[in-house]
1. What fraction of the Cα pairs in the protein assembly as shown, stated in percent, has a spacing above 24 angstrom?
2. Can you give the Rg to Rh ratio for the range B:15-128, taking only C-alpha atoms and Rh from Kirkwood?
3. Please work out the Cα center distance from the range B:35-109 to the range B:151-218, rounded to the nearest Å.
4. Which order do the peptides B:9-17, B:26-34, B:105-113 take when ranked by the mean count of other beta-carbon atoms within 10 Å per residue, highest first?
5. So what are chain B's ellipsoid semi-axes, whole angstrom, largest first, if each one is the square root of 5 times an eigenvalue of the alpha-carbon gyration tensor?
6. In whole angstrom, and with the biggest value first, how far do the Cα coordinates of chain A range along each principal axis?
7. Where does each of B:Trp116, B:Trp210 land when they are ranked from fewest to most other beta-carbon atoms within 10 angstrom?
8. What does the structure give for B:46-54 when I average, per residue, the other chain Cβ atoms found within 10 Å of the residue Cβ?
Amino acid sequence: MSWGSLNEFLAMGGYGLYVWGSYAMAALCFLLEVLFLKMNSTK
Amino acid sequence: MIFNYAAPQAFYPVAGKMIPWFAWLAALLAIAGLTVGFFVAPTDATQGESYRIIFIHVPAAWMSVFLYLVMAGWAALGLVLNTRLSGMMASAIAPTGAIFTFLALWTGALWGKPTWGTYWVWDARLTSELILLFLYLGFIALKGAIADPQRADRAGAVLAIVGAVNVPIIYFSVVWWNTLHQGASISPMRSPTMVATMLTGMLLMALAAWMYSIAVTLARLRKIIRMREGDAAWVQMQRNSV
């Protein structure tokens, strides 16, 4: 494992903004897609 | 036997039973993939930690192209055989394909900045992937603009088939042109040029993306079937039983 602490993990060796920006957008997209699909499915 | 399920009323309950399985598979594979990607795979010698974007970027890019081929395949099948479910299947895939294409571009931009010094460059790989996004959006818009579902399926199919020309262009863009985007690290012709744990994380995430795509596509397909055949008696019966 490359991380000694949580802060190190979040910093991603100085690339935190790029790495987490990628995963955050992906998570947001999947979340919205699933929510959108669930919305009218119970009707 | 398999053709029994080609009718929407037969496929609808089967799809409903399959969704949770694929959703759970996707979740488990994503957890495994992220664990390997962030806690097992080592720091890259040249790119440092920024390379960890690969675990979402490459699966998203693969799915964007793969889903387009599946979508165009279903659309073409519908055009030839005139089966109702095919056009619905193509419609169900398109939004998920568009999302993965957007994510491939977004994560690529965030990876490009620290590695190339720019978010965007009009090189062949990036441009053809952007065209793929427009093809998905065009397909969705075109089908949405035509009220008659059968005519919409046919028009959408023609667009999807013509647009499939873009797929080999995306794949070979890094070979045919001198692009800023690197060539393939994985190809059917030779062994991968990656550390095994990096490769494992990437493949697990690719499988997760695949299972996720199946789950959401089936869910959307059921929605489309309900919308299109909502008046039919069998839909009413399903509604009361499920």
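Coordinate-derived values only; no laboratory data. Remember, predicted model here, so these are calculated numbers, not experimental data. Cβ placement follows ideal geometry from the backbone for every residue including glycine, while neighbour counts extend to all protein chains displayed.
1. So the pairs more than 24 Å apart make up 54 percent of the total in the protein assembly as shown.
2. 1.07
3. About 7 Å separates the Cα centre of the range B:35-109 from the one of the range B:151-218.
4. B:105-113, B:26-34, B:9-17
5. Taking √(5λ) for each Cα gyration eigenvalue gives 35, 22, 14 Å.
6. 49, 17, 13
7. B:Trp116, B:Trp210
8. The mean count of partner-chain Cβ atoms within 10 Å per residue comes to 5.
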